[in-house]
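The values are calculated or read from the model by the stated rules, or taken from the named source; none is laboratory data. Since this is a predicted model, take the numbers as computed values, not measurements. Using ideal geometry, Cβ is built from the backbone for each residue, glycine included, and neighbour counts are taken over all protein chains shown. We work out accessible area using only protein heavy atoms, side chains counted, and drop any ligands, DNA or RNA first. Shrake-Rupley method; radii C 1.70, N 1.55, O 1.52, S 1.80 Å.
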Amino acid sequence: MTTAPDDFGFGLPFDRAGTGSSKWARTAGGPDGVIALGLADMDLPGPPAVAEALARRARHRAYGYTVCDPAGRALVADWYRARHGVAVDPAWVLLLPFGPRTAVRLLLEAVRPAGPVLFPTPEWGGFAQLCRAARLPYREIPLVHDGNDGTGDRTGYRLPLDAFARHRPGAVLLSSPHNPSGRVWTAAEIHGLAEAAARAGGVLLSDEVHGDLTHPGHRHPVAVAVAGPLRDRTVTLNSVGKTFNTSGIPSCFALVPDPALRGRLGEVMAGYGLWEGGLLEQVVQRAALRHGGPWLDALLRHLTTARDELTAVLGDAVRSAPQASYLLWLDAAALGLPAADARAALLERCALEVSDGADFGPGGRGGLRLNYALPGPELARALARLARLRKP
């Protein structure tokens, strides 16, 4: 395993033992030497600037109620301009003291969809859970798969825009880039979803928490930007949590161009005793957005190197070559694993714990999601174990 040079220790051993990591707790009681490749957070050291900012704030021994820092809105807008070349009006920005999952749930309540909630399959399973909790009718739309040979030369998944339009959505939910495959949707696809939602009087809610992790050579389409004149029917959600591995301090920001929808979301939040801001959330967000750029650039070099080595080993078992994030979407059958119980079989044969494709809806059956955001030595161990599956 060769890793790209960096100054942040991505190629060195990094141990999360004793930190309460959900990801590694899932392997408790499993076979000795199990490697946790399931839950989508990184086993890599985070930005030094975030650790330093938290330490400075902790030294002031008052942790009471805080107001929302209005400069945080401009900071988010500056980030989009610098990283994505996108103009964001700071007035669109809501700084939320909870994670994107909660934001989607509250936005659905604020949107009050008159038609069904639509989202693709396979797709992050949280969308279905949130719709059930909100007692909203929903439909999972199968993605189109053009095939992939593991080299990245083929498209992999595409969004079936006609199917979304045909079902007249009250809301469309989307992970952009795609979770579980790391596919970067095109600007035309995102605009088409916004159009399908707007024509039915609905709203596109684009969860873009992996958008800052887009690999070099690809461009992430920010939904509120590519929606153009339909932006008032579009919401973008993002968070420093995935980008900078700070999800244990939940926060996110929403780009909501429609002032009426921003107002309704504020009312819904107030009904649950929630407000913008948050003490540690703002400390983390400010440090990450102001000073995290060099760390993120080094991270992306590390991830793309790992991606290339994994796809070379796994070949046609990769269902859609990743273009963003640190997720690899695999075909269990191509790995010689039983489709019905692939996760357990991989754990038993290789001591590798991954996510079950069935968790991503009907379109995910027979799949496995592998998280490769590992330090160099741990990734080398995982590669060696996966290589054994590919031997005749």
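Each residue of segment 64-81 is assigned a 3J(HN,Hα), and the resulting list reads x, 4, 10, 8, 6, 6, x, 5, x, 5, 5, 5, 4, 4, 4, 4, 5, 5 Hz, derived from the Karplus form 6.51 cos²θ - 1.76 cosθ + 1.60 (θ = phi - 60°), x at Gly and Pro.
Can you list the trypsin sites (Lys or Arg not before Pro) in segment 33-85 that are in a DSSP coil and have 16 or fewer other beta carbons within 10 angstrom?
ARG61
Add +1 for every Lys or Arg and -1 for every Asp or Glu among the other residues with Cβ under 12 Å from the Cβ of ASP15, and state the total. All intermediate terms of the calculation are to be shown ahead of the outcome.
Working: positive: ARG16; negative: ASP43, GLU378.
After counting each charged neighbour, the total is -1.
Gain on full extension, evaluated as 0.36 nm per residue between ALA188 and ALA71 minus their Cα-Cα distance, stands at 38.9 nm.
What translational diffusion coefficient, in µm²/s and rounded to a whole number, does the Stokes-Einstein relation yield for the chain at 10 °C and a viscosity of 1.306 mPa s, taking the hydrodynamic radius as the Kirkwood radius over Cα pairs? Result for D is 74 µm²/s. Surface exposure of segment 82-235, expressed per residue as accessible area with a 1.4 Å probe, stands at 37 Å².
Label point of HIS167 set 7 angstrom out along Cα-Cβ; within segment 193-232, amide nitrogens under 20 Å from it belong to 193-208.
Taking Lys and Arg as +1 and Asp and Glu as -1, the other residues whose beta-carbon sits under 11 Å from that of ALA134 total +3.
The local environment of ASP359, defined by Cβ-Cβ distances under 12 Å, has a net charge of +1 under the rule Lys, Arg +1 and Asp, Glu -1. One decimal place: the segment GLU348-ALA133 gains 74.0 nm when fully extended, by the rule 0.36 nm per residue minus the C-alpha distance. Spin-label model, ARG199 to ARG365: label points 7 Å out along the Cα-to-beta-carbon direction sit 3.1 nm apart. Under a Gaussian network description of the chain, with springs only between Cα atoms under 10 Å, the residue in GLY115, GLY182, GLY367 that fluctuates furthest is GLY115.
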